[in-house]
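One structure is given here, and the rest of the page talks about it.
The values are calculated or read from the model by the stated rules, or taken from the named source; none is laboratory data. These numbers come from a predicted model, not from an experiment. All Cβ positions, even for glycine, are placed from backbone atoms using ideal geometry, and neighbour counts span all protein chains on display. For accessibility, only protein heavy atoms count, side chains too; no ligands or nucleic acids. Shrake-Rupley method; radii C 1.70, N 1.55, O 1.52, S 1.80 Å.
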Amino acid sequence: MKESRPKLETVDLHVHYGGTHALKGVSLKVPDRSVTALIGPSGCGKSTFLRALNRMHDLVPAARVRGRILLDGRDVRRLAPEELRRRVGMVFQRPNPFPMSIYENVAFGPSLFGAAGAELDALVQQSLERAALWEEVKGRLHRDARGLSGGQQQRLCIARALAMAPEVLLMDEPCSALDPGATQAVEALVRMLRQEMAIVIVTHSMGQARRVADQVAFFQGGRLVEVGAAAQVLETPARPETAAFLAAE
C-alpha cells in the first residue's frame, strides 16, 4: 500500500540563534488526523522545532533557519505568513488571552478576514463549543476574558485558534500551568480534535504522551533521536538515549 503524504514534513531542518545551533538536521513526518508528541529534556529543541513549523522564528532577528518545511508537500516559505498561521494554529505554554472580551478574543482573527454579523456570532459559538467552553461562558461573552480561570483561558486560546479553521494545531506544553482537572479537559479536547486535524504537542509529561499521542518523537541535544508509534517509543524504545531518558522520568 502506498504511504499517504504527511500533512507536515521537515527535511534536514536546522535552526541557529546567533552562534547557537539549536536544531540540527531534523527530518520528521507529521501524519494528518493524528497527535505527534515531542518529548525530551529541557533545552533539547522541542519548542524550537514547534515554532519553526509556522515560521515563528521569522520574528526573531538573530534566528536563521535552513532546510525544508512542507505543508501538504508545499514549502511553507512560499506561503504568506498570514495564510500559514491561519492554516497552522498555535497554543502556547501559558494562556495568553487578549485584553478584551471572551467574544472578541474568538472573533479577532475571523473578523480580520471579513467575517461579521450573524456569521461571526455563529463562528464564535461553534469555536467555543468545539473547545468545550460554550456552556461555561455563554452568559458572559462580553466580559473580560482575563477573568476566566487558567483552564478556561487555555480552552479560550484553543477556541481562538479553532476559529481560523486550522489544518494543523501546534501546542507548546499547553497543560504545564494547569491543575489536574483543567489538564484532563484539555487532553479530552486534543483527543477529539485529532479526528479532524494534525496536532503536534510538546509535553514534559510521559503520562500525557501515553494518553493523547499516536506518534512520539524524542529529541536530545537539538537532534531527533527516535520517532515511532507512541506505544513502541514509550514502552520499548529502540535507542539507548530514549530508554535512559524514560527511565529517569
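A simple spin-label model places pseudo-atoms 7 Å from Cα toward Cβ; at ARG78 and THR236 they are separated by 4.1 nm. Using DSSP, restrict attention to beta bridges with both residues in the chain and report what percent are antiparallel, rounded to the nearest 5. That works out to approximately 55 percent antiparallel. Remark: the range 36-166 carries a charge dipole of roughly 680 debye about the Cα centre, counting +1 on each Lys and Arg Cβ and -1 on each Asp and Glu Cβ. Given +1 at the Cβ of Lys and Arg, -1 at the Cβ of Asp and Glu and no other charges, the dipole of the chain around its Cα centre is 540 debye to the nearest 20. About the centre of its Cα atoms, the range 1-89 shows a dipole size close to 60 debye [charges on the beta carbon of Lys, Arg (+1) and Asp, Glu (-1) only; nearest 20 debye]. What residues from the range 194-232 fall in the zone where the backbone N is under 11 Å from a label point 7 Å along the Cα-to-C-beta line of SER42? Label zone hits: none. When all protein chains stay in place and ligands, DNA and RNA are ignored, the 1.4 Å accessible-area order of GLU173, GLU249, largest first, is GLU249, GLU173. Lysine pair count for the chain with Cα-Cα distance under 24 Å and sequence separation of 8 or more or different chains is 6. Placing dummy labels 7 Å off each Cα toward the beta-carbon, the span from MET100 to LEU59 is 1.6 nm.
Between the helical axis of 102-112 and the dominant principal axis of the chain, each derived from Cα atoms, what acute angle in degrees is found, rounded to the nearest 10? Long axis of 102-112 versus the principal axis of the chain: about 70 degrees. Here the chain is scanned for trypsin sites (Lys or Arg not before Pro) in DSSP loops (not H, G, I, E, B) that have at most 13 other Cβ atoms within 10 Å, and the longest stretch holding none of them is 144-249.
Going toward the positive end of the dipole of the chain, with +1 on Lys and Arg Cβ and -1 on Asp and Glu Cβ, which of PHE219, ALA107, ILE158 do you reach last? Farthest towards the positive pole: PHE219. In the range 18-80, the ratio of gyration radius to Kirkwood radius, Rg to Rh, stands at 0.95 when only Cα atoms are counted. Hey, what angle do you get for helix 117-130 against the long axis of the chain, alpha-carbon based, 0 to 90 degrees rounded to 10? For 117-130 against the chain, the angle is about 50 degrees.
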